[in-house]
Each structure stands twice: as C-alpha cells, then as structure tokens.
Amino acid sequence: MAGFDIHVDATELSADAESFLIDKLGFWRSDFCGHPEGYPHYEPPHHLTLQPSTSQEYKPMFKQVRDYFAHTPGSIRGYIEGEYFAFDEDLEERPYEPGILPPFRLVTTSLPPDTFRESEIHVTMSRDESDPRLAQTLIDMGLFTAYLDKKYGVGQVFTVQGTKTQITEILTPLFNFLKRVGGSKHCSVKEERVVGWWLSGPGLKLPPVTESIVWNRN
C-alpha cells in the first residue's frame, strides 16, 4: 500500500484536465458506482487517484496538480485532497453476531466555507458478500456510504470525517467493534489524514464532518 493518496474529486472536469491528469501525471479513474437508495450520498461523478509512495514523491506531485487547476480557470468544479495513510488494517472474515451494540453514534454537520476536514476513516467491504445487518448498523451509526468497483466485485465504502482528534477518538473503538461483530468480507479499515487540499471555488457540496460523538455506555 502506498503511503499517500492524491484524489481529484469533481462534479465537472474538462477533457483537457482529465488528459493532463491521466496521460501526463499517471492518475487513473477510480469512480464510484452508486450508493444505497434512500440515504444521503456525496460521491462525485469524477474521482481520480494517484498514490505516491513517499513524501518526496507526494509534495511536488500535489503542487503540480494544484498549480495546474489554479492557473486553468474553468477546468474543474471540485477539489483536490492529499492524504497520508495513518492506519491500514484488514479484518478476518467471521460470522455476524447480532446483539453486539455499536460503541457510538455520530452527529454530523456541514463544513464551514473555505475549510476542509482534517482526517477520515474508510471501512470498505464486499457489498454482496458481507452481512447486510452490518451495513445497516454502520449507516445507523452515522457513516455515509457509496459503492466502488473492486477486484472481488462491488465494494461498499463507509466513511466518517472530522478533526484528527475526533477520528483518533473513534478509530480504535470502531475497529474493535468490527472485529467483534463480524459479518464483513474483504474488509479493510483505513485512517487517511489530510496533508493538502485545494477547492476550485465557493459553494462546493462537501461531505459532512463529525459535530459530536454520542457514546453508547451500555
């Protein structure tokens, strides 16, 4: 696993910008492929990815992408995010155990204008091979979700975003809950901390962030 991600997430992306990212810099399309019906969703139609292995590779590459869009007005409506993998663990498959209560529920809110999240957790598992009760539990806990093509089929990605302090506070309880409750297949848990970001302009619809954590003390 590479040490860094650079994502370009856009509702609008020019053909020239896409060609620059893919043909010149080596990005690839990693577009989402839908979401469960009836729930809020935030996946952009354009999702391109590059994974530099080191900070020495990441820094000039992120600058090159940012400078291109900053000096090419109208080529994008969206944002760039640079992330570092602070935690990356896979979970062993085991049967789902109903009755194990989740450790918390999240109250979310919108980001203030011209700001960005500090960190996030992604829980990714097989949509079709994991227990649907686990997926529903994660949604009920306040994580938002989308589908993403994987080698094994369709993955379902559950995400929570917030400050580094908030994400650090919930990471271990969430990971331990997933280990205990079971029900997942091809499951990974990642914390990705933001090390760089750029917005194309005001009024962008960004995913929600954590406002507060309601702990289940039972």
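Among the residues of segment 20-34, is any farther than 22 Å from Trp198 by Cα and surrounded by 12 or more Cβ atoms within 10 Å (Cβ to Cβ)?
Kept after step one, since they are farther than 22 Å from Trp198 by Cα, are these residues of segment 20-34: 33-34.
Now restrict to residues that are surrounded by 12 or more Cβ atoms within 10 Å (Cβ to Cβ): 33-34.
Within segment 20-34 (the criterion being farther than 22 Å from Trp198 by Cα and surrounded by 12 or more Cβ atoms within 10 Å (Cβ to Cβ)), the answer is yes, since at least one residue qualifies.
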>> Go through segment 101-129 and report how many residues are surrounded by 18 or more Cβ atoms within 10 Å (Cβ to Cβ) and aliphatic (A, V, I, L, M).
In response: 4
> Is it true that Pro40 is under 25 Å from Asp88 (Cβ atoms), in a loop (DSSP other than H, G, I, E, B) and within 20 Å of the chain's Cα centre (by Cα)?
Replying inline: no
>> Which pairs turn up if I take residues in segment 168-194 that are at positive phi and look for partners that are in a helix (DSSP H, G or I) and of a type in the set (A, V, I, L, M, F, W, C) with beta carbon separation below 7 Å, at least 6 apart in sequence or on another chain?
In response: Gly183/Leu134
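Consider Tyr84 carefully, then state whether it is out of contact with any helix residue (DSSP H, G or I) (no Cβ under 6 Å at 6 or more places or on another chain) and part of a loop (DSSP other than H, G, I, E, B).
No.
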>> Phe116 - would you say it is assigned to a loop (DSSP other than H, G, I, E, B) and touching a residue at least 24 places away in the same chain (Cβ under 8 Å)?
In response: yes
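Quick check, is Ser53 assigned to a loop (DSSP other than H, G, I, E, B), buried (at least 16 other Cβ atoms within 10 Å of the Cβ), within 20 Å of the chain's Cα centre (by Cα) and without any contact (Cβ under 8 Å) to a residue 60 or more places away in the chain?
Numbers: assigned to a loop (DSSP other than H, G, I, E, B): yes; buried (at least 16 other Cβ atoms within 10 Å of the Cβ): no; within 20 Å of the chain's Cα centre (by Cα): yes; without any contact (Cβ under 8 Å) to a residue 60 or more places away in the chain: yes.
Judged against the criteria, Ser53 is not a match.
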> Which condition number does Pro45 fail, the rest of (1) out of contact with any helix residue (DSSP H, G or I) (no Cβ under 8 Å at 6 or more places or on another chain); (2) touching a residue at least 40 places away in the same chain (Cβ under 8 Å) being met?
Replying inline: (2)
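Specify which of the listed residues (Glu18, Glu83) is closer than 29 Å to Asn176 by Cα and either of a type in the set (A, V, I, L, M) or modelled with pLDDT of 95 or more (or both).
On the way: Glu18 fails: closer than 29 Å to Asn176 by Cα.
Matching residue, one of Glu18, Glu83: Glu83.
The values are calculated or read from the model by the stated rules, or taken from the named source; none is laboratory data. Just so we're clear, the structure is a prediction, and the values are computed from it rather than from any experiment. Neighbour counts run over all protein chains shown; Cβ positions are idealised from the backbone, glycine included.
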